[in-house]
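Working notes, beginning with the structure itself.
The values are calculated or read from the model by the stated rules, or taken from the named source; none is laboratory data. Small disclaimer: the values here were computed from a predicted structure and weren't measured. All Cβ positions, glycine included, derive from the backbone under ideal geometry; neighbour counts span all protein chains shown. All accessible areas refer to the heavy atoms of the entire protein, side chains included, with ligands and DNA or RNA removed. Shrake-Rupley method; radii C 1.70, N 1.55, O 1.52, S 1.80 Å.
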Amino acid sequence: MKKNVITNRNLIAALAFAGIQAVTLSSAQAGGWYTESSIFQSDVDDTSLTSTGRDVEAELDEDIGFSTAIGYKFKGHSLGAVRVDLEYISTDNDNDEIDFNGNIFTGDAVGGSIETDSLFLNVIQEFKTGTAYVPYVGVGIGFVNVDSDISYGPVANITDDDTVFGYNFVVGLDVKLSKKFTGFVEYRYLETNDVDLDRFGGGPGGLLETSQSGDIQIDTIGVGLRYSF
């Protein structure tokens, strides 16, 4: 009889523990709205902007950027939860060096920067681990405004802006801090297609205004904080 009571108590305790775990897991996987912000270091790959007879390659420094987003997290499935968000990303990288048709300009002979303002619709897949640490991957598409005011040499400059299609890939790790707050670290690759910017300066045929075309690629590594409503 005593043995049955002990067994029943153990069974009740096990069921209670399982129930608590189920409630906890259900809460962790529940969906809802969220907002997040991050700060990151942005590294713009050497940027080639070309036209007939005028090849400009800009080397830009690494600098600080930021992002902010609002999104919705859907209820979890066997793999993990899916999030969808609308994200604004801003970068601003100074011009360090220009290679124009093989002629190198550095130091006081160069100036300005290239800024980007992006708006992306992202889809993120989280991977359930059963712990406070949740890895994720994501992809997004949207539009990027590229604003250049770089200058080099006596008079040459690319002072123009263009809004183009862009996409980005992200890989990150969430760290659950509380019921409402989640910290994260994240790597992002962002690329634009077919940026067209007006250039004024010398070259074959003397001083002319030309249209320089190219792509922008940006790598970022940063940290952020997410708040779930």
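Points to keep in mind about this one:
- Condition check for Asn157: touching a residue at least 12 places away in the same chain (Cβ under 8 Å) and closer than 22 Å to Gln41 by Cα: no
- Top-ranked residue in the stretch 202-229 [being charged (D, E, K, R) and in a strand (DSSP E or B); ranked as least open to solvent (accessible area, probe 1.4 Å)]: Arg226
- The stretch 108-154, residues that are assigned to a loop (DSSP other than H, G, I, E, B) and either open to solvent by less than 50 Å² (accessible area, probe 1.4 Å) or not small (Gly, Ala, Ser) (or both): Gly112, Phe127, Lys128, Thr129, Thr131, Ala132, Gly153, Pro154
- Within the stretch 176-201, if we keep just the residues that are more than 20 Å from the chain's Cα centre (by Cα), over 30 Å from Thr129 (Cβ atoms) and of a type in the set (A, V, I, L, M, F, W, C), the residue that is surrounded by the fewest Cβ atoms within 10 Å (Cβ to Cβ) turns out to be Phe200.
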